[in-house]
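*Asks:* Structure incoming, see below.
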Amino acid sequence: MHNSTTVNTSQARFDAVAGTEKHLRRHGAGLCDLLDALDDKSGFDALCDLHGAVPERFPDADAVEQALRDIRRILSEQAPSALDRISHERSLPASDMARWHGARVSELLARFRHAG
């Protein structure tokens, strides 16, 4: 007999991963551009980890959640002066992008919190 709480939690985490995958298909290129432009290589590495974990047949929800946490942390740690420099050097609206992607990553992480 299955514990319905465990099944519901597993399904909710699977749904959170699926939502992350859907988001990456739509907005991953912009996030990639931003993370690539930052001085912190670990952001791009976290995105690579995320891309590696999501498409698996049985994705590791913990790995997906951790990569999202890393991305959110890196985005939140960016100094306004660094984002302004990137905007000037690369013609990217880096400050707006960091706020927008940070908010979306936070929303994705909220799905994992509600699943646990």
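The values are calculated or read from the model by the stated rules, or taken from the named source; none is laboratory data. Computed from a prediction, not measured in an experiment: that's the story for all the values here. A quick note on method: Cβ atoms are made from the backbone with ideal geometry, for glycine too, and the neighbour counts reach across all protein chains shown. To get the accessible areas, we keep the full protein, side chains included, count just its heavy atoms, and leave off ligands, DNA and RNA. Shrake-Rupley method; radii C 1.70, N 1.55, O 1.52, S 1.80 Å.
*Asks:* Starting from the residue with the highest accessible area, list Lys41, Lys22 in decreasing order, probe 1.4 Å.
*Replies:* Lys41, Lys22
*Asks:* Considering the Cα trace of the chain, what is its radius of gyration and what is Dmax, both in angstroms?
*Replies:* Cα radius of gyration and Dmax of the chain are 15.4, 60 Å respectively.
*Asks:* Turning to a different aspect of this structure: In whole Hz and in residue order, list the ³J(HN,Hα) couplings for region 73-86 that follow from phi through the Karplus curve 6.51 cos²θ - 1.76 cosθ + 1.60, θ = phi - 60°; x for Gly and Pro.
*Replies:* The phi angles translate into 4, 5, 5, 6, 7, 6, 6, x, 5, 5, 5, 5, 4, 4 Hz.
*Asks:* Measure out, as a whole number of angstrom, how far apart the alpha-carbon centroids of region 91-111 and region 39-66 sit.
*Replies:* Region 91-111 and region 39-66 have Cα centres spaced 16 Å from each other.
*Asks:* Applying the Karplus parametrisation 6.51 cos²θ - 1.76 cosθ + 1.60 with θ = phi - 60° to the phi angles of region 37-54, what ³J(HN,Hα) value in whole Hz is obtained for each residue in order, glycine and proline being reported as x?
*Replies:* Ordered by residue, 3J(HN,Hα) equals 7, 6, 6, 9, 4, 5, x, 5, 4, 5, 5, 4, 4, 4, 5, x, 8, 5 Hz.
*Asks:* Quote the relative contact order of region 1-82 in percent (integer), defining contacts as alpha-carbon pairs under 8 Å separated by 6+ residues. All intermediate terms of the calculation are to be shown ahead of the outcome.
*Replies:* Values: 44 pairs, mean separation 23.5, N = 82.
Reported as a whole number, the value is 29 percent.
*Asks:* Averaged per residue, what accessible area in Å² does the chain show with a 1.4 Å probe, protein chains only?
*Replies:* 60
*Asks:* Could you point to the residue in Gly102, Ala82, Phe112 farthest towards the positive end of region 72-115's charge dipole, with +1 and -1 charges on the Cβ of Lys/Arg and Asp/Glu respectively?
*Replies:* Phe112
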